[in-house]
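Before any comments, here is the structure.
Please treat every number below as a calculation from the coordinates, not as lab data. Computed from a predicted model, the values in this text were never measured in an experiment. Using ideal geometry, Cβ is built from the backbone for each residue, glycine included, and neighbour counts are taken over all protein chains shown.
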Amino acid sequence: MSQSPTRPAAGTGPAAELALSGDLARPARLTVPDLGAWPQHRVRVSFECATSGVRHHRFTGPLLYDVLSAAGPGFDPARRRDRLRFLIAVTGADGHHALLTRAETDPDFGRAPVLLAARIDDTPLDRSGPQLVLPQDRCGARYVSGVNAKRVDGTFGPRAPGAPRAPRAPRAPRAPGAPRA
């Protein structure tokens, strides 16, 4: 694994990197070839794209659940429901974002076969970066190309006793005459 993120154009330069960060025991930077260390899954998907209609593709890569489990999410395994509070924020090289929960991918809960695809239609994604693939989604809006960051956040939900409160985001100014939220 290298130490600096890159976002090269397809076919040139070093392989793109994905940064795993947040509430993890083992944050990491991974390339598409690194994703080959996990069992590979292959899915055929059809999804609707708002700009180009129905799309059909084959994706191959590890389950997101397996990759994040290896990074050691910071929940208490003795508390079965503790893992339900973890959110996963995914960012692509083009700035596209998607949000999902760990529970969606957890075999004890949603068991969704979410992939961190290393190949699309048998073409490697080494230079552009992996793609987030949610075979269960009818719409392709949460498919993120060129994934360069995944942040796992366990601060959602109730605080542990004695833990400090997270700072609140400032409220946006309210227009005169607008109803209160």
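Points to keep in mind about this one:
- Cα→Cβ-extended label distance, 7 Å offset, between Asp153 and Arg58, nm: 3.8 nm
- Förster-model FRET efficiency, 30 Å R0, Asp121 and Ala28, C-beta, rounded to 0.05: 0.65
- Cubic angstrom per residue, convex hull over Cα atoms of the stretch 85-132: 80 Å³
- Over the stretch 1-137, all Cα pairs binned in 5 Å intervals from 0 give whole-percent P(r) values of 2, 9, 18, 23, 21, 14, 8, 3, 1, 0, listed from short to long.
- Length-normalised contact order for the stretch 1-134 - Cα pairs under 8 Å, 6+ apart - percent: 27 percent
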